[in-house]
Amino acid sequence: MTQVVTFEKHGDIATICIDNPPVNAAGHAMRQGVVDALDALEVDSDIKAIALYCAGRTFVAGADIREFGKPSQPPVLPDVCNRIEACSKPIVAILHGTALGGGLEVALCCHARVAQKGAKVGLPEVHLGLLPGSGGTIRLPRLTDTATTIKMVTGGAPISAEEALEKGVIDRIVDGDPAQTAVEMAKELRDGKLNARVTRDIPVELDATKIASARAKFSAKGAGGAVALRALRAVESATKPVDEALADERALFIEALASEEHHGLKHAFFAERAVANIPEAKATAREINAVGVIGGGTMGSGIATSLLLAGLPVTVIEMAEERVAFATKTITANLQGAVSRGKLSEAAFDATIGRLVVTTDMQTLAGADLVIEAVFESMEVKHDVFGKLDDICKDGAILASNTSYLNIDKIAAAVKRPQDVIGLHFFSPAHVMRLLEVVVGAETADDVVATGFALAKRLRKVAVRAGVCDGFIGNRILAHYARSTGYMMMDGADYEQIDNALVEFGAAMGPFTVGDLSGLDIGWAERKRRAPLRPSQERYVGVADKICEAGDFGRKTGKGYYVYWPDGSKTKNPNVAKYIAEEQVAKGITPRSFTNAEIVDRYITAMIVESTRVVEEGIALRPIDVDAVFLFGYGFPRHRGGPLCYADRIGAANLVERIKTYAHEDPFYWQVPKLLQKLADDNTTFADLNKER
Ligand code: 3HC
Ligand code: NAI
């Protein structure tokens, strides 16, 4: 086994190298290794100065997140940082890649900091519901101003080496390999050409006005605000005597480690990465150099934008010239939006749009490596398109469908090469939303699945593998829990209260507002499609149909559950109360009131029930895959980790009890999934299932 930390002597200077792939996280072996190296070098009278650098792609990218929640093994990182700072010989940190969290904290207690061009430094702990726990909140404000400290500690985004230099966080930017730079900089430190300072000895002053305005801003923001506030409290301690301030920071860090936010955000961090672990991972992805998109409507235009932003040439096929013009206009506007959001440089705009062709001529797809179909949601239309693609596309081209609900195997039946057919289900707006469901059909080849995942990476999206069923993972679960909101509304809960309760829970928007935004006509068409399949025992709420029958489809028509006014405000649509009242009378329902907590409980329980079934049937590989779908595609509050992470907090036995209570009202809708019952009986969790699979 290679040693995680090694040191080398070069005459009267020494270099310490940390080599702990993939990201040099500050795990136990690294921490012990650094202390051992310092112990050896400090007593070596030959050595006058030391440089600390990392092998591989980055300087230390933080504490080892996998160790959180386990008993800590000494030396802990704060002690390692103090040990570095107290070293009688000057130490320079050589930063490359991303010096993040505990990594930057290690650098802050070195006596000088030099970064490679292109390096980034940051304190992203708040993204994990934490705060810097190894002196970052105390040492950073000694090197930089209050505004930069607040931005880095409470915002979590990394800053460039250039900004770090300008703000005093680092001392120099250099070009060159970290190992070589380490030798050079240690010599400069020895010769006094690089200034050595003990960070804790630098006087600190905080700008009270900036602290107060940050506190006011975070106090007004839910869970994210609470995390930032806790981090700000640590910064405020920085003016105390250093050891007292460090103790305050540590106490707050330990408090944060036990918080629900940390539990959820850590799960979300690993969910984003765990979903790449698929049975087809070993297959070699096919090369994708040119992509076709069929249909340039809402989704096709967004998908084309996303592909263009990733540097791919794209040919969009539309039905008629006016649709060609519409798609061209939409994609152009999307790219202009990307420029104004800073996602695309002005200089790159022309080249990006220059890679786009929009045409009615399907023959132009003959050379495409991948074609993504995003035409109307009709099996007949899809069959027609796939039949044509089968004739036109070259051998080995991947034929993908963006269908929301339809059966990929049935779509594949239209071609002679079902092994090349796959579902690539993007989410609206496709150039913004990070989720991509990769729907694997019965005959889809492994390398086609691997290509779907590789494409997602190229598009900076999170791919989740899904099996074939009506709506795959996300839309299938959505179709189920969305019904719970209709039931609550019909039983007496005000729909605005339902929206507000779920926003309070952490959703970006309530379900009725979302319905209005995405267009009530979509669900209406889907309900009509499913009508013949609807079981007779299923409770049906007709309010949404009534709204659509009146020609109100939500935001796009200015009216849905809410009326949207020209000044940007919205009020409840008075007709909806009438539709609800009429249906209550017709069905003999006596409305009752609901508390916000009850609304959230029912909604989340319904989501958990169908999520469990999706795992039970193997549509999702693991519970964590369902969590990723909801985190990256449906705006599930990140600090709650996803529906099945949240389910573990409630506990399987409690959920079973809840469902049985609700079942007294509606035994058809509220049924206990077998898997949930098993977890309750075995006293195990979804987290345990994640580990097993
Ligand atoms: N601890 C443990 N594992 C980590 C890790 C960490 N801090 N950071 C990344 N990893 C793992 C990932 O899980 C992944 O593992 P896998 O291959 O088994 O899935 C692997 O390293 C590679 O990570 P990425 O796929 O994310 O690689 P990228 O090159 O895309 O990104 C990165 C690299 C920018 C470093 C990104 O991984 C990242 O942002 N990591 C988290 C950094 C962070 O939050 N640091 C603060 C930790 S908390 C802390 O330091 C507390 C301190 O104040 C006491
Ligand atoms: P849309 O109606 O906005 O766009 C469809 C486009 O396809 C239209 O521009 C139409 O002119 C074009 N088209 C139809 N038949 C064609 C053909 N034979 N050849 C070329 N072009 C053709 O529909 P939208 O919303 O973009 O949906 C497309 C697909 O994406 C559907 O399968 C839908 O279920 C799915 N989807 C929709 C999402 C949404 O939020 N709208 C989200 C995810 C998937």
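Specify the inter-centroid distance of the stretch 580-624 and the stretch 103-148, based on alpha-carbon positions, in whole Å. So the two Cα centres are separated by 44 Å.
Answer with one residue from ALA179, GLY342, ILE84: the one whose Cα lies farthest towards the positive end of the charge dipole of the chain, charges on Cβ with Lys, Arg +1 and Asp, Glu -1. Ranked along the dipole, the leading option is GLY342.
Rounded to the nearest 5, what is the percent of antiparallel bridges among the DSSP beta bridges in the chain? Around 30 percent antiparallel, to the nearest 5. Charging the Cβ of each Asp and Glu at -1 and of each Lys and Arg at +1, and nothing else, the dipole of the stretch 267-378 about its Cα centre rounds to 380 debye. Counting only protein heavy atoms and a 1.4 Å probe, the stretch 5-258 has 39 square angstrom of accessible area per residue. Hey, any idea what % of the stretch 133-207's accessible area is carbon plus sulfur with a 1.4 Å probe? Reported share for carbon and sulfur atoms: 46 percent. Each Lys and Arg Cβ is given +1 and each Asp and Glu Cβ -1; about its Cα centre, the chain then shows a dipole of about 640 debye. Close amide H pairs (under 5 Å, H built 1.01 Å from N) link TYR562 with ASN573, residues at least 5 positions away or on another chain. Take THR364: with every protein chain present and a 1.4 Å probe, its accessible area is about 70 Å². The listed peptides 94-103, 429-438, ordered by packing as a protection proxy, come out as 94-103, 429-438 (highest mean of other Cβ atoms within 10 Å first). Between ALA550, VAL316, ILE659, whose Cα lies farthest towards the positive end of the dipole of the chain when Lys and Arg beta carbons carry +1 and Asp and Glu beta carbons carry -1, centred on the Cα centre? Toward the positive end, the furthest listed residue is ALA550. Across the stretch 274-419, Cα pairs under 8 Å and at least six residues apart give a relative contact order of 25 percent. Mean separation of Cα pairs under 8 Å and 6 or more residues apart, divided by the residue count, gives the stretch 1-85 a relative contact order of 36 percent. Once you list every other residue whose beta carbon is under 9 Å from the beta carbon of ARG476, what net charge do they have if Lys and Arg are +1 and Asp and Glu are -1? Summing Lys and Arg as +1 and Asp and Glu as -1 gives -1. Each Cα pair under 8 Å and six or more residues apart adds its sequence gap; the mean of these over the residue count of the chain is a relative contact order of 9 percent. Only the Cβ atoms of Lys and Arg (+1) and of Asp and Glu (-1) were treated as charged; on that basis the dipole of the stretch 5-258 about its Cα centre amounts to roughly 740 debye. For the chain, the longest principal axis of the C-alpha atoms and the axis of helix 574-587 are separated by about 60°. Shown in residue order for the stretch 88-103 are the 3J(HN,Hα) couplings computed by the Karplus curve 6.51 cos²θ - 1.76 cosθ + 1.60 at θ = phi - 60°: 6, 10, x, 10, 10, 9, 10, 9, 9, x, 10, 8, 10, x, x, x Hz (x for Gly and Pro).
Quick one: Cα centre-to-centre distance for the stretch 176-238 and the stretch 1-66, in angstrom? Cα centres, the stretch 176-238 to the stretch 1-66: 22 Å.
The values are calculated or read from the model by the stated rules, or taken from the named source; none is laboratory data. Computed from a predicted structure; not experimentally measured. Cβ sites come from the backbone with ideal geometry, for glycine too, and all protein chains shown count toward neighbours. Please note that ligands, DNA and RNA were not included when accessible areas were found on the heavy atoms of the full protein model with its side chains. Shrake-Rupley method; radii C 1.70, N 1.55, O 1.52, S 1.80 Å.
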